[in-house]
Structures are given as C-alpha cells and as structure tokens.
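Notes follow once the structure below has been shown.
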Amino acid sequence: MSETHIGPTLVVDGEISGSDDLLVRGLVRGTVRVPASVLLAEGGLVEGTIEASVVDVSGIMKGDVTARERCRIQPGGKMLGDIRSQRILISDGALFRGKVEMDVPGTD
C-alpha cells in the first residue's frame with residue numbers, strides 16, 4: 001500500500017477519502033476517512049474527524065477519532081476530542097482532553 005502526504009504548507013478543506021495510508025504535516029479542516037492508517041505528524045493539524053484503522057497523533061487533533069484497531073497519542077501530541085477504538089495508547093508527554101470509548105469485539 002502506498003502513502004499520501006499532505007505537506008507542511010498545504011491546507012485541505014473538505015473530505016479526504018481513499019485507500020492509501022495518509023501522512024498529515026499540514027492543515028486539514030474536515031473529515032478524513034481511510035481504511036488504512038493516518039499519521040498526524042508533528043506540526044500537522046486536523047480540525048474535524050478521522051476514521052481509520054490506525055491513528056497516530058504527534059501533531060494536534062481537534063475533533064473526534066474512530067480507529068478500528070488502535071489510536072496512539074505520541075509524546076508532544078495533542079488530542080482535543082473523543083476517541084473510539086479497541087486499543088488506546090497515551091504516551092508520557094502527550095495531552096488528551098476528551099472521552100474514551102473502547103470497543104470490545106462481540107459485546108454489541
């Protein structure tokens with residue numbers, strides 16, 4: 001699988017969808033929906049929602065995340081919103097403000 005980059009000087013308004021992994025170093029305002037992984041790099045900002053298999057936050061996330069497998073907030077990462085995922089990792093040095101809902105398979 002390939003990876004799509006949103007560079008540090010790019011601003012995207014609207015919805016991003018596709019099948020590639022996504023690396024965000026710039027600004028995204030809107031919805032990100034990919035079946036793969038989203039890496040919000042240091043210096044990157046998402047204002048909206050992310051729906052993906054794996055979400056790693058090293059930048060700033062302002063909005064809700066749904067990660068089917070795992071959501072991880074890295075040292076220096078900031079997450080301001082709710083997380084829904086099977087696994088959630090919040091590293092030392094990360095900032096998180098929101099609610100957590102952990103989905104456990106087979107309990108619906």
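Throughout, read-outs are computed from the coordinates displayed, never taken from laboratory work. Predicted model, so just to flag it, every value in this text is computed and none were measured. So basically every Cβ, Gly included, is an ideal-geometry build from the backbone, and we count neighbours across all protein chains shown.
Between the stretch 27-79 and the stretch 2-18, the alpha-carbon centres lie 12 Å apart.
Semi-axes of the equivalent ellipsoid of the stretch 1-87 are 16, 15, 12 Å, computed as sqrt(5λ) over the eigenvalues of the C-alpha gyration tensor in descending order. Each label was represented as a point 7 Å from its Cα along the Cα-to-Cβ direction; for Asp20 and Asp103 these points are 2.5 nm apart. With a cut-off of 10 Å between beta carbons, the residues surrounding Ser53 carry a summed charge of -1, where Lys and Arg count +1 and Asp and Glu -1. Charged neighbours of Ser85, selected by a Cβ distance under 10 Å, balance to +2 (K, R count +1; D, E count -1). Sparsely packed loop sites in the stretch 42-108 (the trypsin sites (Lys or Arg not before Pro) outside DSSP H, G, I, E and B with at most 13 other Cβ atoms within 10 Å) comprise Lys99.
Residues whose amide H lies under 5 Å from that of Gly77, counting only those 5 or more places away or on a different chain, are Leu95; hydrogens are built 1.01 Å from N in the peptide plane. Projected label points at Ser91 and Asp13, each 7 Å from Cα along the beta carbon direction, are separated by 3.3 nanometres. Loop-located GluC sites (Glu not before Pro) in the stretch 1-71 (DSSP state other than H, G, I, E, B) with a sparse environment of at most 14 neighbouring Cβ atoms within 10 Å: Glu42. The residues neighbouring Gly44, those whose beta-carbon lies less than 13 Å from its own, together hold a net charge of +1 under the Lys/Arg +1, Asp/Glu -1 convention.
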